[in-house]
1. Being touching a residue at least 24 places away in the same chain (Cβ under 8 Å) and more than 16 Å from Ser11 (Cα to Cα) narrows it down to one of Leu105, Leu124, Leu86, so name that one.
2. Just one of (1) open to solvent by 20 Å² or more (accessible area, probe 1.4 Å); (2) at pLDDT below 95 trips up Gln99, so point out which.
3. Is it the case, given these coordinates, that Leu86 is out of contact with any Gly (no Cβ under 7 Å at 6 or more places or on another chain) and either open to solvent by 40 Å² or more (accessible area, probe 1.4 Å) or modelled with pLDDT of 95 or more (or both)?
4. All but one of (1) at pLDDT 95 or above; (2) over 20 Å from Glu246 (Cα atoms); (3) open to solvent by 30 Å² or more (accessible area, probe 1.4 Å) hold for Asn193; state the number of the condition that does not hold.
5. What's the total number of residues in the stretch 62-83 that are acidic (Asp, Glu) and open to solvent by less than 30 Å² (accessible area, probe 1.4 Å)?
6. Would you please list the contacts, defined by Cβ atoms under 9 Å and residues six or more apart or on different chains, that run from a residue in the stretch 198-218 that is more than 11 Å from Asp177 (Cα to Cα) to a residue that is among the β-branched types (Val, Ile, Thr) and modelled with pLDDT of 95 or more?
7. Would you confirm whether or not the stretch 218-227 contains a residue that is part of a helix (DSSP H, G or I) and farther than 24 Å from Lys257 by Cα?
Amino acid sequence: EPERRLFARLSVFAGGFTVEAAEAVCDADGAQAIDVLDGIATLLDASLLQRDGRHGPQASPRIRMLETIREFALERLEHDAQVGPLRDRHRVWFLDLAQRAAPKLAGPEQDTWLAALASDHANLRAALDRSVRLGDSETALAFGAALWRYWLIRGHLREGCEWLERALSLPAAERLDGLRADALMGAGTLAHNFCDLDASTAYLSGALELRRRLGDKVGEVRALADLGWLAWRRCEYSEAKRLSQESLELSRRLDDKRLMASALSNLGWVAMFEGDYPAANAALE
């Protein structure tokens, strides 16, 4: 019976799992009565599970369940009294993965964490879908805020924008304005990259409004720079210059060189397209 219970509980994972994930999600209540690793080994021997050639973070080996077998296991799972808490632990585990990966997606560990998120794309999708269906705006927005850069880099632009739209459509308390602003920035960036400039403008303008309301100066500077770049894309050069100049002045007050560089880059492109090559040269240098 403990092995049958574990077999059913492992079906909560979509597209595979690591042993660490299985231990955290399937046996947090200690009700398994067997060691999860031993149980997985037994299920592997019985061909109810298979080894996956991919690896998770820290090179953790992955296990998967054939989809036809998983469908049978999911039917059994519905009879488990702990199915609700089990699915909640699944969401918590994968939100933690997404949030640990997010700051690594713009640095030297990018490849490792992109691969980790890609391996668990189906689990992330399932956890996000459940969050939206439950109306859990905090978790849904947190997923969107953490994953938008992954969707951007891997080219899941429309899928990412659809998830963010669903998360942003949920009623959210004012205390979630910071998460909402992060999600709006992500939605604006994704929409910009598949050339829906109207949607991008609406998202980024909403993010700027929230950043200002929260007194988030760094977020405000980023939003201004993104809106400046978007205005350049629209050939609205005077507006692009105004937004980018405001972004530059604020970033200088913050002494943030990365943000200064973004604003100066915008100003250089605007000047170039206006034919003011000396100004463009100075800004880009």
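The values are calculated or read from the model by the stated rules, or taken from the named source; none is laboratory data. Since the model is a prediction, treat every value here as computed from it, not as a measurement. With ideal geometry, Cβ positions are generated from the backbone for all residues, glycine too; neighbour counts draw on all protein chains shown. Protein only, heavy atoms only, side chains kept; ligands, DNA and RNA dropped before computing areas. Shrake-Rupley method; radii C 1.70, N 1.55, O 1.52, S 1.80 Å.
1. Values: Leu124 fails: more than 16 Å from Ser11 (Cα to Cα); Leu86 fails: more than 16 Å from Ser11 (Cα to Cα).
Of Leu105, Leu124, Leu86, the one residue that is touching a residue at least 24 places away in the same chain (Cβ under 8 Å) and more than 16 Å from Ser11 (Cα to Cα) is Leu105.
2. Here Gln99 clears every test but (2).
3. Numbers: out of contact with any Gly (no Cβ under 7 Å at 6 or more places or on another chain): yes; either open to solvent by 40 Å² or more (accessible area, probe 1.4 Å) or modelled with pLDDT of 95 or more (or both): no.
Spelling it out, it is not the case that Leu86 is out of contact with any Gly (no Cβ under 7 Å at 6 or more places or on another chain) and either open to solvent by 40 Å² or more (accessible area, probe 1.4 Å) or modelled with pLDDT of 95 or more (or both).
4. Tallying (1) at pLDDT 95 or above; (2) over 20 Å from Glu246 (Cα atoms); (3) open to solvent by 30 Å² or more (accessible area, probe 1.4 Å), Asn193 fails exactly one: (1).
5. First pass over the stretch 62-83, keeping only residues acidic (Asp, Glu): 67, 71, 75, 78, 80.
Restricting the remaining residues to those that are open to solvent by less than 30 Å² (accessible area, probe 1.4 Å) gives 80.
Residues meeting the conditions: 1.
6. Here the result reads Ser200/Thr189; Tyr203/Thr189; Leu204/Thr189, each pair linking the stretch 198-218 to a residue that is among the β-branched types (Val, Ile, Thr) and modelled with pLDDT of 95 or more.
7. Pass one, the stretch 218-227, residues part of a helix (DSSP H, G or I): 218-227.
Then keep just the ones that are farther than 24 Å from Lys257 by Cα; that gives none.
No, because not a single residue in the stretch 218-227 is part of a helix (DSSP H, G or I) and farther than 24 Å from Lys257 by Cα.
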